[in-house]
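The values are calculated or read from the model by the stated rules, or taken from the named source; none is laboratory data. All values reported here derive from a predicted model rather than from experimental measurement. Because the Cβ atoms are built from the backbone with ideal geometry, glycine has one as well, and the counts that use them run over all protein chains shown. Quick note on the areas: whole protein, heavy atoms, side chains included, nothing else; ligands and nucleic acids left out. Shrake-Rupley method; radii C 1.70, N 1.55, O 1.52, S 1.80 Å.
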Amino acid sequence: RDRSPSRGLGDVYKRQAKGYEVLSQEANQDVKLQNDQIDNMVSQGVKALIVVAEDGDAVVTSVDKAADAGVKVIAYDRLIKTPKIAGYISFNNQEVGRQQADGVMKALGIEAWDASANGPAKVVMLGGSPTDNNAILFRKGQMDVVQPLVDAGKVEIVADQWVDNWDPANASKLMENILTAQQNKIDAVVASNDGTGLGALTSMKAQGLAGKVPISGQDATADGCNSIVKGELTVSILKDIRNLGPLSVDMADKLIKGEAITNLKEYTMADLTNDPAKTGNVNALFLPVEQVNKDNAFDLCVKNGFQKYDDVYRDIPEDQRPPKP
């Protein structure tokens with residue numbers, strides 16, 4: 001099983017009681033290495049692979065060979081763009097994008113925005129890594145919300161950028177350039193995860209815009225939640241990755257045993273990739289997502305143990321914190 005760190009696959013190791021020997025390797029953003037690792041695992045006789053794709057296109061080479069050899073391949077969180085995968089488990093990534101844009105637009109007060117008096121709201125779109133299919137789906141969901149506002153004359157997209165490797169430093173540099181080009185006159189930022197949102201915020205903070213210009217994130221990370229309760233990041237999207245690991249292992253177990261998996265739904269590859277040229281169908285399970293903001297961060301992310309109280313409320317004065325759960 002190949003994995004990237006911090007994506008909930010630690011649960012795999014807790015499932016060794018199912019009787020399987022678990023192999024694990026990390027490709028660390030090296031596409032060729034990931035293909036070589038998968039080929040090597042297949043040669044060792046693995047029955048199933050749970051793969052967090054470094055690149056959903058490039059990994060198809062080894063995944064197709066694995067599937068042709070009878071290995072059950074599950075795409076974990078990131079889609080592998082071949083109908084030969086046995087299953088795909090993730091979150092509703094288009095809904096993630098919709099919720100990001102919705103949270104930002106509500107914080108901006110777009111319903112009451114007077115475009116005739118103020119002109120359209122100047123919005124920055126910061127996409128994720130262009131090699132991550134999820135980033136494409138986040139953008140599709142974001143535009144479900146933003147495009148009608150553009151069409152209505154309430155919003156103008158003044159910058160549209162993608163952040164290579166989801167790198168916060170890249171996001172910070174992009175935002176610095178955008179602010180220079182726009183003379184700091186932006187009204188909202190739809191960023192695609194906490195890392196890129198917080199990276200952008202470093203450049204916004206330098207111009208006195210942090211906490212004044214709504215900006216989104218994703219993953220409800222400890223740093224993201226801390227920024228939210230400080231009033232800087234506006235909204236993040238909770239995807240409780242603790243649920244992915246156990247479900248993916250259960251799926252692999254059933255696939256190996258030839259048992260029916262009743263909670264999967266069939267999707268076309270064209271819909272999953274937002275690319276009409278893609279053919280074939282994929283069985284997928286999508287888990288729900290929730291908006292996290294300053295009002296509900298404690299209830300959604302701290303009380304249930306998703307994030308640690310001391311991490312979320314660090315640097316917050318004692319008298320401004322909720323009681324420890």
>> If I go through region 218-245 residue by residue, how many of them are part of a loop (DSSP other than H, G, I, E, B) and without any contact (Cβ under 8 Å) to a residue 60 or more places away in the chain?
In response: 3
> What are the pairs, 6+ residues apart or on separate chains, where a residue within region 302-325 that is within 23 Å of LYS239 (Cα to Cα) has its Cβ under 6 Å from a residue that is basic (Lys, Arg) and open to solvent by less than 80 Å² (accessible area, probe 1.4 Å)?
Replying inline: TYR313/ARG321
> If we keep just the residues of region 272-293 that are more than 12 Å from ASN93 (Cα to Cα) and exposed (fewer than 15 other Cβ atoms within 10 Å of the Cβ), which is modelled with the lowest pLDDT?
Replying inline: ASP275
> Quick check: is even one residue across region 299-309 more than 28 Å from GLY19 (Cα to Cα), crowded, with 21+ Cβ neighbours inside 10 Å and touching a strand residue (DSSP E or B) at 6+ places or on another chain (Cβ under 8 Å)?
Replying inline: yes
> Within region 138-190, how many residues turn out to be open to solvent by less than 10 Å² (accessible area, probe 1.4 Å), of a type in the set (A, V, I, L, M, F, W, C) and under 25 Å from ASN92 (Cβ atoms)?
Replying inline: 8
>> Looking at region 1-37 only, could you name the residues that are part of a helix (DSSP H, G or I), at pLDDT below 85 and open to solvent by 70 Å² or more (accessible area, probe 1.4 Å)?
In response: TYR13, LYS14, GLN16, ALA17, LYS18
>> I need the strands (runs of 3 or more DSSP E) fully contained in region 38-135, keeping only those with at least 2 residues that are in contact with a strand residue (DSSP E or B) (Cβ under 9 Å, 6 or more places away or on another chain), over 27 Å from GLY280 (Cβ atoms) and open to solvent by less than 10 Å² (accessible area, probe 1.4 Å).
In response: 121-127
>> Of the residues SER248, SER216, SER227, only one is at pLDDT below 95 and either buried (at least 17 other Cβ atoms within 10 Å of the Cβ) or of a type in the set (Phe, Trp, Tyr) (or both); which?
In response: SER248
>> What are the pairs with Cβ atoms under 6 angstrom where one residue, in region 23-44, is closer than 14 Å to THR61 by Cβ and the other, located anywhere, is open to solvent by 40 Å² or more (accessible area, probe 1.4 Å) and part of a helix (DSSP H, G or I)? Sequence gap at least six, or different chains.
In response: ALA27/LEU33; ASN35/THR61
